[in-house]
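Below you'll find the structure, written out as structure tokens, and then a few comments.
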Amino acid sequence: MKAIVTRPRDDAAALASALAQRGVAALLAPMLTIRPAPGAARLLAERLTGAQAVLFTSANGVRAFAAASARRELPALAVGDASAAAARMAGFRSVASAGGDIADLVELVTAHLSPQGGALLHAAGATLAGDLAGALAGRGFIVHRAALYEAVPAAALAPEVAAAMQRGEAELALFFSPRTATTFVRLAAAAGVGDACRAIMAVALSPAVAAALGALSWRALRVAARPGQEDLLAALDAVLAERAAQRKFGGA
């Protein structure tokens, strides 16, 4: 069985490994390329002045921060477990995970920090999903955003992936963000393989991601219970278990 993996290359390796453990081969089709922002180190140094903590809403934000600054003494609060793991790997001494989405991160910040402790630094990309600063402003916090990287959409679907779709070899496709999903929809149509998705089971990280996939017809579309990679893999495990049961029943 083969699955289309649409994550950026730095994020795809761990996912491909998790798929291999399940007997699924990864077809890498990164929909976004991560590029450091010019002057990221200078911008980060300015925004860190007086900050009491750093907020991460993606592992890409962690990697961009780590490349631009040697500071690791501030507490790091991450939106999910993958971002938290990246922060620990980068050397942050105090790391907490909200284990969910932006709303969960707002609650984590409110529970652990006080607006009187100083501003918060959001290490982010040029394009944001959700209004973290606005939500925290409603709780009395000041958030300074540092756009440390840009996620550039792919110009075309990888030829080997398009060919695998045309041959009916791709049975699964995994999507982690609305922007990634939207890019895939556009590139699949441009490559003339949109109809091939009728034979593919799509697994989406959240309802917003699933909505972005709605322009294509899929064999089925599953949504993770919560917006984390482990939750998406749990949804995938349920799909694989169903397939195994169907084969067993069909062979009985």
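One table, with the values for the structure above:
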quantity: Any hit, the stretch 143-160, residues being crowded, with 19+ Cβ neighbours inside 10 Å and under 16 Å from the mean Cα position of the chain (by Cα); calculated: yes
quantity: Per-region count, the stretch 126-142, residues surrounded by 22 or more Cβ atoms within 10 Å (Cβ to Cβ) and under 22 Å from the mean Cα position of the chain (by Cα); calculated: 2
quantity: Selection status of Ala26, in a helix (DSSP H, G or I) and among the small types (Gly, Ala, Ser); calculated: no
quantity: Failed item in (1) assigned to a strand (DSSP E or B); (2) among the aliphatic types (A, V, I, L, M); (3) farther than 22 Å from Ile142 by Cβ, with Ala53 passing the rest; calculated: (3)
quantity: Residues within the stretch 34-90 that are of a type in the set (Asp, Glu) and closer than 15 Å to Ala146 by Cβ, tallied; calculated: 1
quantity: Long-range neighbours under 8 Å by Cβ, at least six apart or interchain, first residue surrounded by fewer than 16 Cβ atoms within 10 Å (Cβ to Cβ) within the stretch 182-201, second hydroxyl-bearing (Ser, Thr, Tyr); calculated: Asp195/Ser217; Arg198/Ser217
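Let's see how each residue does on (1) hydrophobic (A, V, I, L, M, F, W, C); (2) within 26 Å of Ala220 (Cβ to Cβ); (3) at pLDDT below 95:
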residue: His122; (1), (2), (3): no, no, no
residue: Leu132; (1), (2), (3): yes, no, yes
residue: Ala154; (1), (2), (3): yes, yes, no
residue: Phe176; (1), (2), (3): yes, yes, yes
residue: Gly194; (1), (2), (3): no, yes, no
residue: Ile200; (1), (2), (3): yes, yes, no
residue: Val203; (1), (2), (3): yes, yes, no
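The values are calculated or read from the model by the stated rules, or taken from the named source; none is laboratory data. Quantities reported herein were computed from a predicted structural model and do not represent experimental measurements. Cβ sites come from the backbone with ideal geometry, for glycine too, and all protein chains shown count toward neighbours.
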